[in-house]
Amino acid sequence: MLRRALSLVAVALLSGGCASVAEVTGTATQDDLVQLRADVAALQNSVRQIKTQVDTLAPQVEGRQRDAENDRQAAGLRQRLDGLATTVTALSTRVDDLSARIEALSRQPRGAPPTATPPTASAPPAPATARPAPTSPAPPAGARSATGAVQPQDLYQAAYIDFSRGSYALAVTGFREFLRRYPDHELAAGAQYWIGEAQLGLARGYSDAGQTEETTKALQQAVQEFRKVLANYPRGDKAPAALYKEAITLIELKQPTLAQARLQYLVDNFPQAEETPLARERLAALKER
């Protein structure tokens, strides 16, 4: 039952991501309108089916809560129920967004230029104690093939849209799916890098909420994700930025010695990189401590 619900969630999110690509590229064609309507229909169907799953789980939770010996199982079911309810809310919001987009497109005369303005996306600011690295440009927008099949750029762009809107957990999921499908794509290094940035975004959210333990975990995960950029894509253009962000995050985690080693590696191996001057400044500050 749960696996079926999660499968529905995946289908719904993919549909929502494809529609978001049309939003970002600003193309307002009849084909887009047809695709958006199909996406809305798929999302609405998924919402209905997930609600059914929620309604089915609810009596099980209530029944188990009456049995003191099954408190742990009841808690697990309750957690799953809450997760499905949250998903219903998120998918319902996407249905509303897509419906509004369809309404806007429907009002445009055929052949008229698009009215949508592509959102500006940029990397989030570095942690408060760190000087931010140079902002990376938004990834290239992908074009849908003539058959309507989802292209690698579509998945990448959909994940980046989630990232730029602050939906960091969704962005991580999207970029991981991109890497699972296309580990050798030219955008793979960028996908891995943005997973690290998304973890930093999650860390800031936890920090603002006063959740110290969760903040630390997210920062540690960010370090691991940035390391994967250099490990898996050492010649990619994101390697210097990943090294710098890894070092800054290590400073946040009170690991200055390791941070210094990573900054020195960046200076020694990427002397022409945009991040190298910043790395030198940070190195000098660490050595003065």
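The values are calculated or read from the model by the stated rules, or taken from the named source; none is laboratory data. Note that the structure is a prediction, hence the values are computed from the model and not measured. Here Cβ is always computed from backbone atoms with ideal geometry, including for glycine, and neighbour counts include all displayed protein chains.
Would you check which residues across region 165-185 are within 17 Å of residue 229 (Cα to Cα) and outside any helix (DSSP H, G or I) and list them?
Matches in region 165-185: 182, 183, 184, 185.
Do the conditions hold for residue 208, that is, is it modelled with pLDDT under 95, within 22 Å of the chain's Cα centre (by Cα) and on the phi < 0 side of the Ramachandran plot?
On the way: modelled with pLDDT under 95: no; within 22 Å of the chain's Cα centre (by Cα): yes; on the phi < 0 side of the Ramachandran plot: yes.
In short, no.
So the check is Cβ under 8 Å with 6+ separation or different chains; which pairs have a first residue in region 228-256 that's more than 22 Å from residue 186 (Cβ to Cβ) and a second one that's among the polar types (S, T, N, Q) and at pLDDT below 95?
The qualifying pairs are 251/129; 252/129.
Which of the residues that make up region 261-281 are closer than 10 Å to residue 240 by Cβ and either polar (S, T, N, Q) or not assigned by TED's automatic domain parsing to the domain that holds residue 247 (or both)?
Result: 269, 272, 276.
Farther than 12 Å from residue 156 by Cβ and not hydroxyl-bearing (Ser, Thr, Tyr): which single residue out of 190, 205 fits that description?
205
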